[in-house]
Amino acid sequence: MNYSSDSAAIDGLVEKYNALDQEIEKVIVGQKDVVKKLLISIFSNGHCLLVGVPGLAKTLLVNTIAEALGLQFNRIQFTPDLMPSDIIGSEILDEQRSFKFIKGPLFANLILADEINRTPPKTQSALLEAMQEKAVTTAGKRYPLDLPFFVLATQNPIEQEGTYPLPEAQLDRFMFNIWLDYPEYQDELTIVKATTTDYQTTVNKVMDGEQILFFQKLIRKMPITDNVLEYAVKLASSTRPGTAHASELVNNYLSWGAGPRASQYLVIGAKTHAAISGKYSPDIEDVKAVAEPILRHRIVKNYKAEADGYTIEKIIDSLVNF
């Protein structure tokens, strides 16, 4: 990528982001905020957990993003009988009577892990290694995955029977926990009109994997002032009950707070939010903009919060706007 300076490269990112947004909008009606957060996680080199009821076009959304980004896309339907070898791949004995590794569906750039909480911990842990190490291990041999590599996992918040809740260590690997809600009435009208005819929409490729890797490195190089860095770390530490920065609200209503990975994601997420907004350095408003989806799955409320009607979102809002 040939840009005369980092500031020119950020201007180029804004241009690419706006083009991406327009292409995705051809297929995905509404859900602007969800699309924005998904793209922020991709440019931040983070993974995403999408939580929403069935029928909200989660699969279509991820597929459309993969098309616009020019990435290889695989969808894995997680089920109770899914084994690690079903997603990683396995060794077979070929015609020459030697072992040959056949790659599984994890070997793609963008993975949609559909209903991730419906598969046993053994398979969840295999995905965890891929998410953290960008590699898989089988028969004692390590196989690196192609970069860029992202996991966008979905969960149904309603039906929990027969599910395996994700362990905290795996939840912590997801940069964002994004809630998908029902579409607005006008948006739903537009969706139904567009999907009940034979009209086909073409999504054009806006970027490729090499450009994504370039912009990921560019975002990490962005300067950040000490006061913004301190605000991000203080916000994460303020969620930990019984510590110096914890408020009375946190001490009363939270059992556990966010760890240091939350501070890291708040900073990198703020940088990405600033970059796609055309700013050359993030400010406190950029940290606030990404705080909720980063903290939502990293703090645990207690029974008192349940009794007093305090939601996780309400607690985060009070901390951000303290």
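The values are calculated or read from the model by the stated rules, or taken from the named source; none is laboratory data. Everything numeric here is computed off the predicted structure, so don't read it as measured data. All Cβ positions, even for glycine, are placed from backbone atoms using ideal geometry, and neighbour counts span all protein chains on display.
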Out of region 264-322, which residues are more than 20 Å from the chain's Cα centre (by Cα), under 22 Å from residue 166 (Cα atoms) and surrounded by fewer than 16 Cβ atoms within 10 Å (Cβ to Cβ)?
302, 303, 306, 311
Is it the case that region 171-180 has a residue that's in contact (Cβ under 8 Å) with a residue 24 or more places away in the chain and either in a helix (DSSP H, G or I) or in the same structural domain as residue 290 (by TED's automatic domain parsing) (or both)?
yes
Single residue of 153, 126, 108, 113 found to be crowded, with 16+ Cβ neighbours inside 10 Å, in a loop (DSSP other than H, G, I, E, B) and touching a strand residue (DSSP E or B) at 6+ places or on another chain (Cβ under 9 Å)
108
Here is a check on your reading of the model: is residue 219 crowded, with 18+ Cβ neighbours inside 10 Å and at pLDDT below 90?
no
Kindly provide the set of residues from region 64-86 that are farther than 21 Å from residue 216 by Cα and either out of contact with any strand residue (DSSP E or B) (no Cβ under 7 Å at 6 or more places or on another chain) or not aliphatic (A, V, I, L, M) (or both), ordered by number.
74, 75, 77, 78, 79, 80, 81, 82, 83, 84, 85, 86
One residue from 139, 153 being assigned by TED's automatic domain parsing to the domain that holds residue 50 and in contact with a helix residue (DSSP H, G or I) (Cβ under 8 Å, 6 or more places away or on another chain)
153
Surrounded by fewer than 22 Cβ atoms within 10 Å (Cβ to Cβ) and closer than 16 Å to residue 152 by Cβ: is that true of residue 72 in this structure?
yes
Test: residue 142 is of a type in the set (Lys, Arg) and more than 28 Å from residue 293 (Cβ to Cβ):
yes
